[in-house]
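Visitor: The structure is given below, and queries will be raised subsequently.
The values are calculated or read from the model by the stated rules, or taken from the named source; none is laboratory data. All of these numbers come straight from a predicted model, not from anything done at the bench. Using ideal geometry, Cβ is built from the backbone for each residue, glycine included, and neighbour counts are taken over all protein chains shown.
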Amino acid sequence: MPSKITLGLILSAAGMTISLAAPLIHIALVSSGVESVLALEAAPGLPLHLLLSVVGVPIALSGLFLFRRGVREELSAERLISLDREAVIQSLEERGVIKEEGLNIIEERPQTFETESLRRGVKVRSAGLSLICPKCGFETPLGESKCRNCGEKFAKSSDPLRACPICGGDLANAQRMGEDVYVCGICFSELEIDQQTARRIFV
């Protein structure tokens, strides 16, 4: 049985193909002077090519949702439950994501993870250890600047207010999971953002 990630990609591709192919084929046939079966009305005032385009959208969206859910489930085993900063650093060291010199860098910028995030109204509920490439979906260890599979660079937010405290990604792309609860779209860290801060981020 295919994984949720694979099935999500297949559904997304199928939905996009249906949405785009139907009107393009119809236009090509009409331009060639050939009678298009896609011009037939599936319902009064609703031609078949338009119906297929509409049907493809929820299929594509369902695939994207399934893909994101599959990625989250695969990363759940690697996600830290403890909010303790020392536990985060120790886990990163054990997995080889950072070395001793990397620890020194973290010690020099303690506000990045704790003080600064709390001051901004952003609290880390569980920190991710990997970066998921938005282009190919490949998993890359936290701390890398680009995807190890396709070379896509991981964008960092230039605005400290909107930067994820774990990976530095733009929180404007985070997904809301519940009241004041959001998930970073790059490292999939679970964050708690108060409403005042959220209004400033999601403008």
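Visitor: Taking into account only those residues within the range 172-189 that are aliphatic (A, V, I, L, M) and either at pLDDT below 90 or in a loop (DSSP other than H, G, I, E, B) (or both), which is nearest to Ser130 (Cα to Cα)?
Guide: Only one residue fits best here, namely Ile186.
Visitor: Next question, about the same structure. For the range 26-34, check the following and say yes or no: at least one residue is within 30 Å of Leu66 (Cβ to Cβ), within 34 Å of the chain's Cα centre (by Cα) and either at pLDDT 80 or above or not assigned by TED's automatic domain parsing to the domain that holds Cys136 (or both). Please lay out each step first, then the result.
Guide: Here is the first cut: in the range 26-34, the ones within 30 Å of Leu66 (Cβ to Cβ) are 26.
Cutting the leftovers down to within 34 Å of the chain's Cα centre (by Cα) gives us 26.
Now drop any that are not either at pLDDT 80 or above or not assigned by TED's automatic domain parsing to the domain that holds Cys136 (or both), which leaves 26.
Scanning the range 26-34, I find at least one residue that is within 30 Å of Leu66 (Cβ to Cβ), within 34 Å of the chain's Cα centre (by Cα) and either at pLDDT 80 or above or not assigned by TED's automatic domain parsing to the domain that holds Cys136 (or both), so the answer is yes.
Visitor: Let me ask something additional. Counting only residues that are over 12 Å from Arg148 (Cα atoms), part of a loop (DSSP other than H, G, I, E, B) and hydrophobic (A, V, I, L, M, F, W, C), how many does the range 124-138 have?
Guide: Counting residues in the range 124-138 that are over 12 Å from Arg148 (Cα atoms), part of a loop (DSSP other than H, G, I, E, B) and hydrophobic (A, V, I, L, M, F, W, C) gives 2.
Visitor: While we're on this one: Here is a list: Thr6, Thr17. Which entry is more than 30 Å from Gly128 (Cα to Cα) and modelled with pLDDT of 80 or more? Talk me through it step by step, then tell me what you get.
Guide: On the way: Thr6 fails: more than 30 Å from Gly128 (Cα to Cα).
So the residue among Thr6, Thr17 that is more than 30 Å from Gly128 (Cα to Cα) and modelled with pLDDT of 80 or more is Thr17.
Residue-by-condition table, conditions (1) touching a residue at least 60 places away in the same chain (Cβ under 8 Å); (2) surrounded by 16 or more Cβ atoms within 10 Å (Cβ to Cβ); (3) more than 19 Å from Val57 (Cα to Cα):
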{"position": "Thr17", "(1), (2), (3)": "no, no, no"}
{"position": "Ala22", "(1), (2), (3)": "no, yes, no"}
{"position": "Ala28", "(1), (2), (3)": "no, no, yes"}
{"position": "Val34", "(1), (2), (3)": "no, no, yes"}
{"position": "Leu38", "(1), (2), (3)": "no, yes, no"}
{"position": "Glu41", "(1), (2), (3)": "no, no, yes"}
{"position": "Pro44", "(1), (2), (3)": "no, no, yes"}
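Visitor: Also, quick follow-up: Given the criteria farther than 30 Å from Cys133 by Cβ and not aromatic (Phe, Trp, Tyr), does Ala28 qualify? Talk me through it step by step, then tell me what you get.
Guide: Numbers: farther than 30 Å from Cys133 by Cβ: yes; not aromatic (Phe, Trp, Tyr): yes.
Criteria met by Ala28.
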